[in-house]
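A.B. asks: Dumping the structure here so I can ask a few things about it.
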Amino acid sequence: MTDSFFKMLGISQDQLVLCANQTLYMVFVSLFLGSLIGIFLAFVLVLSRKNALKENRFVFSVTSYFINILRSIPFVILLVFILPVTKAIVGTRIGTTAALVPLTTFISPYLARLFENSLLEVNPGIIEVAKSMGASTFEIIWHFWLPEAKGSLILATTIGAISLLGATAMAGVIGAGGVGDLALTYGYERMNSTLMLFTVIVLVIFVQIIQSVGNYLARRARKV
């Protein structure tokens, strides 16, 4: 039964498992790295904006323009444009690991804006109370800002993960592999509509799982 199913798809079970692992690897590693960069950029924005704790219009403007410039570059163009940077960082321009550089570069500014909105949703009164208590900037961030924004930050990260899932399909341009590349290489190019439909179903399942887990964690965070 299993053998006939994969024969109908035109691929082996090992190929499918490998591509699924490649997709998950690209999504979650780049999501982790992108989240670290994104939360840093988000705090730079919220702390340096007008009337904020560390108001600095120059830093705010430079950071905001930098984020906007990166967000305006289509991913396929970004993928090719930073190939020299990819080569310098990971030692190769092709492969699953090489795709982490453009994927992280793509998702970081996107998450930065989402995280910025999440942080700005926190009641300013809470920050003012923390400040009046003599808390340092780090203490305000760690003990007040992040806990209050935790639920919203989780949902923002969930959206980022789903966006990355779509971007991994385009990463096939540099031989990154993954489920999306499987659909293009073995499905579209070989006119295998059965495989294309199957990969779409797999990606839909991935999205549903990611969204469900994100919603659950966000609900838990908001009840704490």
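A.B. asks: If a residue must be farther than 11 Å from residue 164 by Cβ, in contact (Cβ under 8 Å) with a residue 24 or more places away in the chain and of a type in the set (Gly, Ala, Ser), how many such residues does the range 1-34 contain?
C.D. replies: Within the range 1-34, residues that are farther than 11 Å from residue 164 by Cβ, in contact (Cβ under 8 Å) with a residue 24 or more places away in the chain and of a type in the set (Gly, Ala, Ser) number 2.
To keep it simple, each residue is scored yes or no on (1) closer than 30 Å to residue 131 by Cβ; (2) in contact with an Asp or Glu (Cβ under 9 Å, 6 or more places away or on another chain).
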position: 48; (1), (2): yes, yes
position: 54; (1), (2): yes, no
position: 65; (1), (2): yes, no
position: 69; (1), (2): no, no
position: 79; (1), (2): no, no
position: 83; (1), (2): no, no
position: 88; (1), (2): no, no
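A.B. asks: Taking residue 176 as the residue in question, decide whether it is modelled with pLDDT under 85 and part of a loop (DSSP other than H, G, I, E, B).
C.D. replies: yes
A.B. asks: Could you check the range 1-114 for helices (runs of 4 or more DSSP H) lying wholly inside it with 3 or more residues that are surrounded by 18 or more Cβ atoms within 10 Å (Cβ to Cβ) and more than 16 Å from the chain's Cα centre (by Cα)?
C.D. replies: It comes to 13-48, 57-71.
A.B. asks: Before we move on, is residue 190 within 21 Å of the chain's Cα centre (by Cα), surrounded by fewer than 15 Cβ atoms within 10 Å (Cβ to Cβ), in contact (Cβ under 8 Å) with a residue 40 or more places away in the chain and over 18 Å from residue 20 (Cα atoms)?
C.D. replies: Answer is no for this residue.
A.B. asks: Which ones in the range 181-224 are part of a helix (DSSP H, G or I) and either on the phi > 0 side of the Ramachandran plot or hydroxyl-bearing (Ser, Thr, Tyr) (or both)?
C.D. replies: Result: 185, 186, 188, 193, 194, 199, 212, 216.
A.B. asks: Next question, about the same structure. Could you grab me the full set of residues in the range 93-127 that are at pLDDT below 85 and touching a helix residue (DSSP H, G or I) at 6+ places or on another chain (Cβ under 7 Å)?
C.D. replies: 93, 94 - these are the residues of the range 93-127 that are at pLDDT below 85 and touching a helix residue (DSSP H, G or I) at 6+ places or on another chain (Cβ under 7 Å).
A.B. asks: Take the residues in the range 115-145 that are among the hydrophobic types (A, V, I, L, M, F, W, C) and surrounded by fewer than 16 Cβ atoms within 10 Å (Cβ to Cβ); name whichever of them is nearest to residue 75 (Cα to Cα).
C.D. replies: Ranking the candidates gives 120 first.
A.B. asks: I need a count of the residues in the range 115-148 that are of a type in the set (A, V, I, L, M) and on the phi > 0 side of the Ramachandran plot.
C.D. replies: Initially, the range 115-148 is screened for residues of a type in the set (A, V, I, L, M), giving 119-120, 122, 126-127, 129-130, 133, 135, 140-141, 146.
Add one more test, that the residue is on the phi > 0 side of the Ramachandran plot, and what stays is none.
So the count comes out to 0.
A.B. asks: Within the range 115-133, which residues are touching a residue at least 24 places away in the same chain (Cβ under 8 Å), part of a helix (DSSP H, G or I) and β-branched (Val, Ile, Thr)?
C.D. replies: If the condition is that a residue be touching a residue at least 24 places away in the same chain (Cβ under 8 Å), part of a helix (DSSP H, G or I) and β-branched (Val, Ile, Thr), then 127 is the only one that fits.
The values are calculated or read from the model by the stated rules, or taken from the named source; none is laboratory data. Values in this document were obtained by computation on a predicted structure and should not be read as measured data. Because the Cβ atoms are built from the backbone with ideal geometry, glycine has one as well, and the counts that use them run over all protein chains shown.
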